[in-house]
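Colleague: I have a structure I would like to understand better, so I am pasting it below and will then ask my questions one at a time.
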Amino acid sequence: MSSPVKILLVDDENGILDTLKILFRGEGYDVLTANSGKAALSALEVEKPDIVLSDIRMPGAGGLDVMAKVREVDPEIPVILMTAQASLQTAVRAVNEGAYYYLQKPFANDELLAICRRAAEARLLKVENKRLKKEIKRRDTRGAKRPIGRSRPFVEVLKLAETVAPTESTVLISGESGTGKEVVARYIHRLSDRADRAFSSINCGALPESLLESELFGHIKGSFTGAVRDKDGLLVAASGGTFFLDEIGEMSPATQVKLLRAIQEREVTPVGATDSVQIDVRILAATNRDLEEEIRRGAFRSDLYYRLNVIQLRLPPLRNRMEDIELLARHFLKGLAEREGSAEPRELEPEALDVLRRYDWPGNVRELENALERAAVVAPGNQITAAALPDRVRESRPARVVDEEAPPNPTMEVIERAYILWVLEAEAGNKSRAAEVLGIDPSTLYRKLNRYGIGE
Ligand SMILES: Nc1ncnc2c1ncn2[C@@H]1O[C@H](COP(=O)(O)OP(=O)(O)OP(=O)(O)O)[C@@H](O)[C@H]1O
Ligand SMILES: [Mg+2]
């Protein structure tokens with residue numbers, strides 16, 4: 001036992017109380033005493049013992065009252081009752097009401113100590129059990145964390161993800177910004193045979209070309225200024241695990257060639273090196289661009305595309321799965337409550353839910369998550385009110401009907417551009433804050449601003 005067992009002794013005879021105190025102190029217990037039932041009740045308000053040993057007959061509150069109070073505080077605390085005038089009736093009652101043991105005075109110290117030791121062990125076991133159960137539950141929910149959504153278009157993608165997960169197949173995950181591409185990539189990893197190995201990732205849009213190459217493939221000392229020692233590439237370091245190439249559409253054609261070779265040959269050549277290194281990674285890639293369109297523009301290599309596109313998961317935009325809005329909203333509010341350590345998630349006013357359902361969510365699930373987090377800060381009390389939702393969400397028209405079969409690309413860039421403008425406006429032109437709200441790197445935002453011709 002690491003910390004001493006805390007015992008509460010209750011008896012109205014001070015002589016007995018003192019004897020018991022000395023006895024239990026000598027055995028290494030942490031001893032609390034109360035010389036009346038009433039004193040015991042108030043002691044229980046402030047301190048939680050591991051076990052309780054109480055006389056039954058006391059003026060005022062008796063042993064059974066003490067026991068009732070203990071149950072209230074923690075039903076797992078064992079209570080041992082003792083009495084001089086044993087009556088079968090009270091004995092039965094005591095045990096029926098959950099006493100751990102019923103002792104008749106006078107008793108031998110050995111007997112008392114043995115009973116208390118057993119009670120303490122039972123108590124510690126229960127505490128430990130509870131802790132383990134909690135721990136297991138926590139692990140379970142983490143392990144089984146399935147992306148949220150039961151709309152048809154989303155469930156179809158999830159099912160496909162579940163089918164390809166246990167294979168070694170390369171998967172291309174496409175979808176607008178904030179639709180959950182990374183969420184799905186992690187889900188695939190968790191369901192795969194590589195689940196107990198690392199999930200590593202790199203955002204291909206966040207680094208300049210030369211840095212991206214040295215990060216991916218590694219470099220040897222002296223291969224460029226700043227390369228002061230040999231460095232393994234991420235693809236090598238991630239061996240055995242899953243490697244997620246985020247924003248693959250941003251990769252330069254030269255790096256694309258090297259990546260293609262790495263996938264085909266299962267080896268990489270570090271920058272500046274002549275020898276190659278074996279790799280063993282499963283590749284998942286994500287893009288919010290239409291890569292076929294990029295191929296037509298000459299910005300993406302078709303050979304790499306066909307290599308990555310063995311399986312393509314197309315994540316539907318949120319506006320095409322509006323029936324998931326409520327589910328997602330409640331999921332995020334629950335997560336928020338957990339992070340804040342509060343027992344109850346905030347309530348979602350019906351009117352607020354209506355507002356959420358009317359908006360068309362160009363920033364998809366991420367935008368929904370951000371809107372709720374902000375509303376949680378703004379809204380009074382434990383409610384998410386419509387008034388607390390961001391202006392752009394509240395002031396929206398009914399959602400457009402979007403044809404699911406329509407090619408997503410022509411409108412996608414338009415939507416992204418509009419969304420960026422919106423967020424920028426909401427953040428009063430502050431780009432780093434806007435990048436944060438958008439959930440992208442400031443460098444990615446700058447690139448997008450350039451691309452969309454959104455000037456200084
Ligand atoms: N189905 C879902 N269930 C629960 N959370 C989700 C789901 N989809 C998205 N999210 C949440 O929404 C946010 C955006 O998801 P994610 O980062 O996976 O999107 P993305 O498609 O990779 O976006 P981007 O293109 O901007 O990188 C994350 O906080 C994620 O946890
Ligand atoms: Mg992402």
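Here, each number is a calculation from the coordinates, and none is a lab measurement. Just so you know, these numbers come straight off a predicted model, no measurement behind them. Here the Cβ is made from the backbone with ideal geometry for all residues, glycine too, and neighbour counts use every protein chain on show.
Colleague: Report Rg(Cα)/(2.2 N^0.38 Å) for segment 257-358, keeping two decimals.
Modeller: Cα Rg divided by the expected 2.2 N^0.38 Å: 1.73.
Colleague: Sticking with this structure for a sec: Ratio to report: Rg/Rh of segment 58-99, with Cα atoms as the point set and Rh obtained by the Kirkwood method; give two decimals.
Modeller: Using Cα coordinates only, the ratio equals 0.96.
Colleague: Next question. If amide hydrogens are placed 1.01 Å from N in the peptide plane, which non-local residues have theirs closer than 5 Å to the one on GLU267?
Modeller: ILE279
Colleague: Contour minus end-to-end for LYS159 and SER302, with contour as 0.36 nm per residue of separation and end-to-end as the Cα-Cα distance?
Modeller: 48.8 nm
Colleague: Can you tell me the Rg and Dmax of segment 1-84, counting just the alpha carbons, in angstroms?
Modeller: In order Rg, Dmax, the Cα atoms of segment 1-84 give 11.8, 37 Å.
Colleague: In addition: If you bin the C-alpha pair distances of segment 318-400 every 10 Å from 0, what whole percents do you get?
Modeller: 19, 58, 21, 2
Colleague: Based on the alpha-carbon gyration tensor of segment 228-280, what equivalent-ellipsoid semi-axes (square roots of 5 times the eigenvalues) come out, in whole Å, largest first?
Modeller: 17, 14, 12
Colleague: Say R0 is 51 Å: what FRET efficiency, to the nearest 0.05, do GLU27 and ARG146 get from their beta-carbon distance?
Modeller: 0.50
Colleague: Between the helical axis of 364-378 and the dominant principal axis of the chain, each derived from Cα atoms, what acute angle in degrees is found, rounded to the nearest 10?
Modeller: Helix 364-378 sits roughly 50 degrees off the main axis of the chain.
Colleague: Subtract the Cα-Cα distance of VAL228 and ALA84 from 0.36 nm times their separation in residues, and report this length gain in nm to one decimal.
Modeller: Contour length minus Cα-Cα distance gives 43.5 nm.
Colleague: What does the highest-first list of 368-377, 323-332, 41-50 look like by mean Cβ count within 10 Å?
Modeller: The peptides rank, most packed first, as 368-377, 323-332, 41-50.
Colleague: Right, next: Enumerate the amide H contacts of LEU207 below 5 Å, restricted to partners 5 or more residues apart or on another chain; note that Pro and chain-start residues carry no placed amide H.
Modeller: none
Colleague: Now for a separate question. Show me, for segment 155-160, the HN-Hα J-couplings you get by feeding each phi into the Karplus relation (A = 6.51, B = -1.76, C = 1.60, θ = phi - 60°), rounded to Hz, glycine and proline as x.
Modeller: Per-residue couplings from phi come out as 4, 4, 5, 4, 4, 5 Hz.
Colleague: How much length would be gained if the chain were fully extended between SER396 and SER210, taking 0.36 nm per residue of separation minus their Cα-Cα distance, in nm to one decimal?
Modeller: Extra length from SER396 to SER210 when fully extended: 62.6 nm.
Colleague: Would you mind listing how long segment 6-140 runs along its three principal axes, going by Cα atoms, in whole Å with the largest first?
Modeller: Computed over the Cα atoms, the extents are 51, 32, 27 Å.
Colleague: Separate question: Excluding VAL31 itself, calculate the net charge of residues whose Cβ lies under 13 Å from the Cβ of VAL31, where each Lys or Arg counts +1 and each Asp or Glu counts -1.
Modeller: Taking every other residue near VAL31 into account, the sum is -3.
Colleague: Over all directions, average the projected area of the Cα convex hull of segment 157-276 and note it in nm².
Modeller: 7.8
Colleague: Cross-link candidates for LYS431: which lysines have Cα within less than 28 Å, leaving aside residues fewer than 8 places away along the same chain?
Modeller: Cα-Cα hits under 28 Å: LYS181, LYS448.
Colleague: Under 14 Å Cα to Cα from LYS145, which aspartates and glutamates show up? Leave out anything in the same chain fewer than 8 places away.
Modeller: Counting by Cα, and skipping residues close in sequence, LYS145 has these aspartates and glutamates nearby: GLU162, GLU182.
Colleague: What does the charge count near GLU45 come to, summing +1 for each Lys or Arg and -1 for each Asp or Glu among other residues with Cβ under 12 Å from its Cβ?
Modeller: Residues near GLU45 contribute +1 overall.
Colleague: Hey, which lysines would be in cross-link range of LYS21, C-alpha to C-alpha under 28 Å, not counting anything within fewer than 8 residues on its own chain?
Modeller: List returned: LYS6, LYS38, LYS48, LYS69, LYS105, LYS126.
Colleague: Compute the normalised compactness of the chain: alpha-carbon radius of gyration over 2.2 N^0.38 Å, N being the residue count.
Modeller: Ratio of Cα Rg to 2.2 N^0.38 Å: 1.43.
Colleague: Treat each spin label as a single point 7 Å out from the Cα along the C-beta direction, and report the ARG339 to LEU353 distance in nm.
Modeller: Going by the 7 Å Cα→Cβ label model, 2.3 nm.
Colleague: Can you list the residues, at least 5 places off or on another chain, whose amide H is less than 5 Å from the amide H of MET58, using H built in the peptide plane?
Modeller: Those qualifying (amide H under 5 Å, at least 5 residues apart or on another chain) are GLY63.
Colleague: Can you work out the Karplus-derived ³J(HN,Hα) for every residue in segment 270-285? Use 6.51 cos²θ - 1.76 cosθ + 1.60 with θ = phi - 60°, whole Hz, and x for glycine or proline.
Modeller: x, 4, x, 9, 9, 8, 9, 10, 5, 10, 9, 10, 9, 9, 10, 10
Colleague: Now a separate question. With each run of n ≥ 4 DSSP H residues scored as -39500 (n - 2.57), what mean residue ellipticity at 222 nm is computed for the chain after dividing by its residue count and rounding to the nearest 500 deg cm²/dmol?
Modeller: Helix contribution divided over all residues of the chain: -15000 deg cm²/dmol.
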